[in-house]
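The values are calculated or read from the model by the stated rules, or taken from the named source; none is laboratory data. This structure is a prediction, so every number in the text was calculated from the model and none was measured. Cβ coordinates were reconstructed from backbone atoms using ideal geometry, including for glycine residues, and neighbour counts include every protein chain displayed.
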Amino acid sequence: MTEKTQSYFLELGEINTLKIDRLTTPGAYMMAQDGNDVLLPGPYLTQEMKEGMLLDVFLYTDSEDRLVATTNKPTAMLDEMALFTVVDTAPFGAFMDWNLSKDLLVPNMFQKTPFKVGDKRFLKVIYDERTHRLVGTEKIGDFLEKKVVGLAANKVVEILIIQRTPLGFKCIVNDKYEGLIYHNEIFETIEIGEKRTAYVKSVRKDGNIDLTLRKPGSKKSGGSDEKVLALLKEAKGIMPYNYKSDAELIRDVFGLSKKEFKRTLTSLQDTGKIEVKDTGIYLKG
């Protein structure tokens, strides 16, 4: 077990290892090596906490903009990104739940579109120079690199899915670039905040990267026959879909495009494995 080392400074937005200098009625005063201290309010104290003990605490500002400590870990710390839920709105911004007693503010200037209570938004926690507070921003692209180095078509990358747009899903690529998976490239369910392996389709002149979840060189219809047959067997040989079924429904159920689905049905009918009627798909044999 690694021995804890007392933090030298009080660092806003980060986990600090501080010494319990004194216990008082409001709570415990936690001290850094440079002699500055911060209050850990009484509700966070336990019977095991004694003067002189080193304790890991997160530092942020309270409702009166005073530096304060907590033993709770936030959804994301300074310069980190995560998926947050909107819990309240005001004329000047929106408030996000981030597992602390004071919600995280996202000022209007840091929102791409107006926030509504219940929305889930992917944000970065930043330090606001104007107010000297931690705030959230949806404008993550401002912090990503514009010049793409070392990536080309077919390159394997790690992505973090951050936003659904009319064109597709925006992603962070390898923790430093912005990428996009177009809707017509997606044949399975993906979620905001999900991490995936993807492949570069192209790197655009503006520094954005077009992505695909399909491995380059794989046949577009590869495995689709087996997938449809497997789902039919699970459904006891009958599924209520056919050539006229809605494209979104096909994508959700089979993970295939409408074109690929129709081609698969024709292939399976030609080999005598299924029969397609107005009422659905029927497994033969």
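Observations on the structure shown:
- Region 50-72, subset of a type in the set (D, E, K, R) and out of contact with any strand residue (DSSP E or B) (no Cβ under 6 Å at 6 or more places or on another chain), residue surrounded by the fewest Cβ atoms within 10 Å (Cβ to Cβ): Glu64
- The residues in region 62-104 that are among the aliphatic types (A, V, I, L, M) and closer than 24 Å to Asp175 by Cα can be counted, and the count is 8.
- Of all residues in region 8-35, none that is without any contact (Cβ under 8 Å) to a residue 12 or more places away in the chain and over 25 Å from Val135 (Cα atoms) has its Cβ atom under 7 Å from the Cβ atom of a residue that is aromatic (Phe, Trp, Tyr) and part of a loop (DSSP other than H, G, I, E, B), 6 or more apart or on another chain.
- Meets criteria (closer than 15 Å to Gly193 by Cα, crowded, with 18+ Cβ neighbours inside 10 Å, touching a residue at least 24 places away in the same chain (Cβ under 8 Å) and among the acidic types (Asp, Glu)) for Glu138: yes
- Residue check: Asp56 meets all listed conditions (1) part of a loop (DSSP other than H, G, I, E, B); (2) over 20 Å from the mean Cα position of the chain (by Cα) but one, namely (1).
- Of the residues examined, Asp206 is one that is in a loop (DSSP other than H, G, I, E, B), among the charged types (D, E, K, R) and under 23 Å from Lys147 (Cβ atoms).
- Whenever a residue of region 142-156 is without any contact (Cβ under 8 Å) to a residue 12 or more places away in the chain, it has no partner that is surrounded by 13 or more Cβ atoms within 10 Å (Cβ to Cβ) lying with C-beta atoms less than 6 angstrom away and at least six residues away or across chains.
- Answer residue from region 15-49, given it is in contact with a strand residue (DSSP E or B) (Cβ under 7 Å, 6 or more places away or on another chain) and assigned to a loop (DSSP other than H, G, I, E, B) and is surrounded by the fewest Cβ atoms within 10 Å (Cβ to Cβ) among those: Pro26
- Residues within region 128-167 that are assigned to a loop (DSSP other than H, G, I, E, B) and hydrophobic (A, V, I, L, M, F, W, C), tallied: 7
- Of all residues in region 215-252, those satisfying the criterion of being among the aliphatic types (A, V, I, L, M), in contact with a Phe, Trp or Tyr (Cβ under 7 Å, 6 or more places away or on another chain) and at pLDDT below 90 are Val228, Leu231, Ile250.
- One residue stands out in region 147-184 among those that are more than 21 Å from the chain's Cα centre (by Cα) and charged (D, E, K, R): the one that is surrounded by the most Cβ atoms within 10 Å (Cβ to Cβ), namely Lys155.
- The number of residues in region 169-200 being over 19 Å from Ile250 (Cα atoms), in contact with a Lys or Arg (Cβ under 9 Å, 6 or more places away or on another chain) and assigned to a loop (DSSP other than H, G, I, E, B) comes to 2.
- Of all residues in region 156-199, those being touching a Pro at 6+ places or on another chain (Cβ under 9 Å) and modelled with pLDDT of 90 or more number 1.
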